[in-house]
Amino acid sequence: MGNQMEKLSHLSYAEVPTVDPNGVDTEEGPRIGVSYIFSNDDDELEEGCAVDATNKDPNQEEKPYDQRDEVECAVYNRDECIYEKSVKSANLEVYSPENLLNKCKAGDLVEFVATGQFPHWAVYVGDFQVVHLHRAEVKNSFLTDASQGRRCRVVNDLYKFRSLGPDMVVQNAMEQVGLKDRELSWRNSECFAAWCRFGKREFKMGGEIRIGKQPYRLKIFMSEKHSHMLEFQSLEDMIMEKRRNDHLGRTAVLQELATHFSSAGEIKSEPGPQSPSSDA
């Protein structure tokens, strides 16, 4: 059955119940994010594909990486912040792979970033090498090869979970090398690398049961005063949406949200049918 299911495409924000960025909740009930339970690994998008998996124009010039287009966000499990990426909370500076090697220690999480691409995560295991999930296979590669020309940084502090010891992180990563396809327990490179470092089953496919309320909240910082919130039933689903936003970039995400709120405003402003007046 699983092999016959089609990939679910992400719904636009116009189709997803969300929270008003001004913090005004005018409707009752939960605000539910998208479930990616049947979607494919985002790292499997072929190079040269757009976010919707269509082919990019080969003549279009590749945009240089712009840190100002990063989507700043935080993730909460109920009331506890378990992830935060913002200029106020973390060092988001990126480096060339060659320069990052001087900063890496065994057990570190490394993130490779580029404009218009999903971020790619890996575990640094020492000797200039990383272990990473790429194209449905866990591989042991040189960091410079895994980068594929992208800028990179150490991201140990984005997730707020307590880390395992460096030796255990490296062991977790190395023991998975060679796994592929149906043997895999992780949806993407971020889930795999984070599982290696923190050992939490929530990073694995099916690690949580999707029933009941949505305990995870993804808070997107739109400005200093405004934010946007989505709720998810699992950490895995939340990570998929967060990575989709990283792929789009801040400018596109804010435009998408603006379009949604504009459409929602038009719907609310439409007059309803008038009831006939009654005589006293």
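List of remarks:
- Stretchable slack from ASP157 to ALA90, in nm (0.36 nm times residue separation minus alpha-carbon distance): 23.4 nm
- DSSP-loop GluC sites (Glu not before Pro) across region 156-200, with at most 14 other Cβ within 10 angstrom: GLU175
- Inter-label distance, nm, simple model (7 Å from Cα along the C-beta direction), GLN255/ARG68: 1.6
- Calculated over region 110-160, the projected area of the Cα convex hull averaged across directions stands at 3.9 nm².
- Net charge dipole size for region 152-263 [Lys, Arg +1 and Asp, Glu -1 on Cβ; Debye, nearest 20]: 200
- Gyration tensor verdict on region 76-197 (Cα atoms; rounded if a/c is under 1.5, prolate if a/b is larger than b/c, oblate otherwise): rounded
- Computed about the Cα centre, the dipole magnitude for region 74-162 is approximately 120 debye when only Lys and Arg (+1) and Asp and Glu (-1) carry charge, each at its Cβ.
- Positive-end extreme of charge dipole, region 94-187 - chosen from GLY178, VAL94, VAL138 (charges on Cβ): VAL94
- Over all distinct Cα-Cα pairs of region 172-264, the Kirkwood formula returns a hydrodynamic radius of 15.1 Å.
- Counted charge near ARG78, where neighbours are those whose Cβ lies closer than 12 Å (Asp, Glu -1; Lys, Arg +1): -1
- Formal net charge of residues neighbouring GLY206 (Cβ-Cβ distance under 12 Å; K, R +1; D, E -1): 0
- Angstrom value of the Kirkwood radius, inverse mean 1/r, which spans all Cα pairs in region 59-119: 14.1
- Under the convention that each Lys and Arg Cβ holds +1 and each Asp and Glu Cβ holds -1, the size of the dipole of region 159-200 around its Cα centre is about 240 debye.
Every number in this text was worked out from the coordinates using simple rules, so none of it is lab data. All values reported here derive from a predicted model rather than from experimental measurement. Cβ sites come from the backbone with ideal geometry, for glycine too, and all protein chains shown count toward neighbours.
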